[in-house]
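*Asks:* So that we are looking at the same thing, I have put the structure below in structure tokens.
The values are calculated or read from the model by the stated rules, or taken from the named source; none is laboratory data. What you are looking at is a predicted structure, and each value in this text was computed from that prediction instead of being measured. Don't worry about glycine lacking a Cβ; one is built from the backbone with ideal geometry, like all the others, and counts go over all protein chains shown.
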Amino acid sequence: MTSMIRPYLYTSMACLSLFLGGEGWARTSVPIVVELFESQGCSSCPPSERVMASLRNDFGDSVILLTFHVDYWDNLGWKDAFSDPHWTERQKMYGRAFSQDSIYTPEMVIDGEVGFNGADGRRAEEEVHSRLSSSKGPVHLTLSPKSATTTQLSVRLSPELVEGSNELLVVIVEDASPVHVLRGENRGETMTGNFAVRGLKSIPFSSKALAVTTLALPPGADPARTRVGVLVRGNTSRFLSAQMVPWPIIVR
């Protein structure tokens, strides 16, 4: 049977007014970015995974949840299925930004502004809740599938964001299958694969506030459990805005 590509246009609720209401790029509430740096080989990390699950249950689409699996535990008994040295370097960047003496797992970072013990559920709830009422310039994302495993991403920024933005980060996230750990500190534990970051790249954008890039589905990723996010950053580690949409599904 011949495959067909279903036309797919995702307009984020953050900027529906631009297209339907004619009200322009009004500041609005956008999702709060929560980054967890963890490892399947770290015995302190399972509680942080439960914190992430709680944040999804409590805040839903008001948060963008990203788990970066670092690689510095990989030689200590168990190689993390999702580890990447680039995620370790990202955590080091935050360590410098926050003037930390060292990096550690689990560490949670909220909106690029503050880092703390990722197993501290109360602190995580407080940090997210305190940001819910803040308004930011919106981001508009459009995904146009080219095949079952590739899609074109178009990003448009509000004028406010264009003025203050230095970097657009595109992140691919999968709610991957759980992993049963056979060795190391977590031997016998089943670690969740939820929110696993499978790809991250910076893309350029023009003065016209438009950025376009082609994305490939990571090998082995399930498109039905994969999402694409865009994180907008200025001159510091803090995020100015963010948005996330589902990976487009091909109808056969």
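*Asks:* Looking at the range 190-213, is at least one residue polar (S, T, N, Q), modelled with pLDDT of 95 or more and out of contact with any Leu (no Cβ under 9 Å at 6 or more places or on another chain)?
*Replies:* Checking the range 190-213: at least one residue is polar (S, T, N, Q), modelled with pLDDT of 95 or more and out of contact with any Leu (no Cβ under 9 Å at 6 or more places or on another chain).
*Asks:* Now a separate question. Condition first: assigned to a loop (DSSP other than H, G, I, E, B), on the phi < 0 side of the Ramachandran plot and in contact with a helix residue (DSSP H, G or I) (Cβ under 7 Å, 6 or more places away or on another chain). Can you find one or more residues in the range 49-70 that meet it?
*Replies:* Among the residues of the range 49-70, at least one is assigned to a loop (DSSP other than H, G, I, E, B), on the phi < 0 side of the Ramachandran plot and in contact with a helix residue (DSSP H, G or I) (Cβ under 7 Å, 6 or more places away or on another chain), which makes the answer yes.
*Asks:* Among the residues of the range 105-149 satisfying the criterion of being among the hydroxyl-bearing types (S, T, Y) and part of a loop (DSSP other than H, G, I, E, B), which is surrounded by the fewest Cβ atoms within 10 Å (Cβ to Cβ)?
*Replies:* Looking at residues that are among the hydroxyl-bearing types (S, T, Y) and part of a loop (DSSP other than H, G, I, E, B), I get S133.
*Asks:* Conditions first: (1) touching a helix residue (DSSP H, G or I) at 6+ places or on another chain (Cβ under 6 Å); (2) at pLDDT below 95. A148 passes all but one, so which condition is the exception?
*Replies:* (1)
*Asks:* Which pairs do you get when a residue that is touching a residue at least 12 places away in the same chain (Cβ under 8 Å), found in the range 76-103, comes within reach of a residue that is assigned to a helix (DSSP H, G or I), reach meaning Cβ atoms under 7 angstrom, with the pair 6+ apart or on two chains?
*Replies:* Taking only residues 6 or more apart or on different chains, the pairs are I103/Q91; I103/K92; I103/G95.
*Asks:* Among the residues that make up the range 161-184, is at least one of them more than 20 Å from V70 (Cα to Cα), touching an Asp or Glu at 6+ places or on another chain (Cβ under 9 Å) and β-branched (V, I, T)?
*Replies:* no
*Asks:* Take the residues in the range 180-198 that are more than 20 Å from the chain's Cα centre (by Cα) and surrounded by 15 or more Cβ atoms within 10 Å (Cβ to Cβ), then tell me which one is farthest from V63 (Cα to Cα).
*Replies:* Across the range 180-198, the extreme among qualifying residues is G184.
*Asks:* Output the number of residues of the range 80-99 satisfying the condition of being touching a Gly at 6+ places or on another chain (Cβ under 7 Å) and not aromatic (F, W, Y).
*Replies:* Selection size over the range 80-99: 1.
*Asks:* Answer with yes or no whether G22 is farther than 29 Å from P159 by Cβ and modelled with pLDDT under 95.
*Replies:* In short, no.
*Asks:* Let me ask something else. Restricting the range 48-99 to residues that are surrounded by 16 or more Cβ atoms within 10 Å (Cβ to Cβ) and of a type in the set (D, E), which is farthest from V173 (Cα to Cα)?
*Replies:* D74
*Asks:* Testing K201 on (1) loosely packed, with under 13 Cβ neighbours inside 10 Å; (2) over 17 Å from the mean Cα position of the chain (by Cα), one condition comes back false. Which one is that?
*Replies:* K201 satisfies all of (1) loosely packed, with under 13 Cβ neighbours inside 10 Å; (2) over 17 Å from the mean Cα position of the chain (by Cα) except (2).
*Asks:* Yes or no: V170 within 18 Å of V30 (Cα to Cα), under 18 Å from the mean Cα position of the chain (by Cα) and either buried (at least 20 other Cβ atoms within 10 Å of the Cβ) or of a type in the set (G, A, S) (or both)?
*Replies:* No; evaluated as a whole, the condition is false for this residue.
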